[in-house]
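Contents: one structure, followed by commentary.
The values are calculated or read from the model by the stated rules, or taken from the named source; none is laboratory data. In this text, all values refer to a predicted model and were calculated from it rather than measured experimentally. Here the Cβ is made from the backbone with ideal geometry for all residues, glycine too, and neighbour counts use every protein chain on show.
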Amino acid sequence: MSRRVLVLGATGFVGRHVRPALEEAGWDVRLATRRPGSARERYGDGDWVRFDVEDPRSFAMQDCDAMLYLVHQMRADGEDLIEREQRSARHVAELAAEAGIQRIVYLGAPETENASHHLEARHATGRALREGPVTTIELQAAMIVGPGSESWWICRDLALRLPAMTLPPWAASKSQPVAIDDVVAALVRALDMPVESSTAFALPGPEVLSAEQILRRVAQQAGISPWMVHVPFLTPSLSSHWLRFVTRADIRVARQLVDGLEHDLVVDGEGFWAHAPDLPRTTFDEAVRRTLEVEGAPTGRFARTWERLIRRAAPSG
């Protein structure tokens, strides 16, 4: 008999990518969103159902064996974001238990001291789900590299649209970006992973990179060598104000993501990958290459013209 998985946040970046992998793995996929009609028109046919984590009572969970919780209210503002995220997670977990769901898999963020408001909301969501009655596996990923990722868009646009840029102190902050293909594989595997109780695993990419290294490596993939100069006074909050002139990412989301850059998001050990050694891992450069191949990037004559502009802007000597 086929098993059914309910995907909360099915129209989001990760939700759209994970659907084909779930179907290929033999899951019967139920797609949850607040607007199933418009989702069907935009993303094609499927078992679309209405579901809102802030008003979660619906028939969406009926006859489901597992759930992917891919919802983050990143566009929400206000000091009550953490409380809202926790409350929603608790309600969803309780209803999942009533519906007979056996496993919840949540995609969260790496733990860090002095976390930003956005990161703390994600941590709180993970804790609420893991403390609930359904066995939950939380996978904690930093920046995900892939078509449609807001954090990727910010890095891509900074690297490919600015011939010269100022680097604030937070550009030295380190993280472990992970490819969307690897995240998808981990999510699918976690649905079946045998665990005795709810737990959390880090989901690191294979390299530890600073924000500056990420920008340089993205630009390099497009044949660009931007001129970068370090400045001592730009905080993440100040930096976020000029992002609206550079990136096509949602500015509210961009500000929250940039606010979380003051501290490293690096974990010890292999995390989840130690429990799934057979799953291949994608290098950062390969993840960028695949993504730019889908999205497009400056190449050829445009790239060479950009390179000449950079050289002219660079100080002599």
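Considered as a group, the residues in segment 265-317 that are modelled with pLDDT of 50 or more and at positive phi include one that is surrounded by the most Cβ atoms within 10 Å (Cβ to Cβ), and that residue is Gly271. Any residue at all in segment 32-39 that is within 20 Å of Met193 (Cβ to Cβ) and in contact with a helix residue (DSSP H, G or I) (Cβ under 7 Å, 6 or more places away or on another chain)? No, that holds for no residue.
From the list Ala32, Ala21, exactly one residue is over 30 Å from Val267 (Cα atoms), of a type in the set (Gly, Ala, Ser) and under 19 Å from the mean Cα position of the chain (by Cα). Which is it? Of the residues listed, the single one that is over 30 Å from Val267 (Cα atoms), of a type in the set (Gly, Ala, Ser) and under 19 Å from the mean Cα position of the chain (by Cα) is Ala32.
Identify the single condition in (1) of a type outside the set (Phe, Trp, Tyr); (2) touching a helix residue (DSSP H, G or I) at 6+ places or on another chain (Cβ under 7 Å); (3) touching a residue at least 40 places away in the same chain (Cβ under 8 Å) that Glu54 does not satisfy, given that it satisfies every other one. Here Glu54 meets the rest and fails (3). For segment 118-224, the strands (runs of 3 or more DSSP E) that sit wholly inside it and include 1 or more residues that are within 16 Å of the chain's Cα centre (by Cα) and either farther than 23 Å from Tyr106 by Cβ or not small (Gly, Ala, Ser) (or both) are 136-140, 199-202. For Arg252, work out the one condition from (1) at pLDDT below 75; (2) closer than 19 Å to Arg161 by Cα it doesn't fulfil. It fails just one condition, (2). When Val184, Val178, Val134, Val105 are checked against the criterion of being surrounded by fewer than 20 Cβ atoms within 10 Å (Cβ to Cβ) and at pLDDT 95 or above, a single residue qualifies: Val184. Within the set Val258, Val195, the sole residue that is farther than 24 Å from Ala287 by Cα and either modelled with pLDDT of 60 or more or buried (at least 19 other Cβ atoms within 10 Å of the Cβ) (or both) turns out to be Val195.
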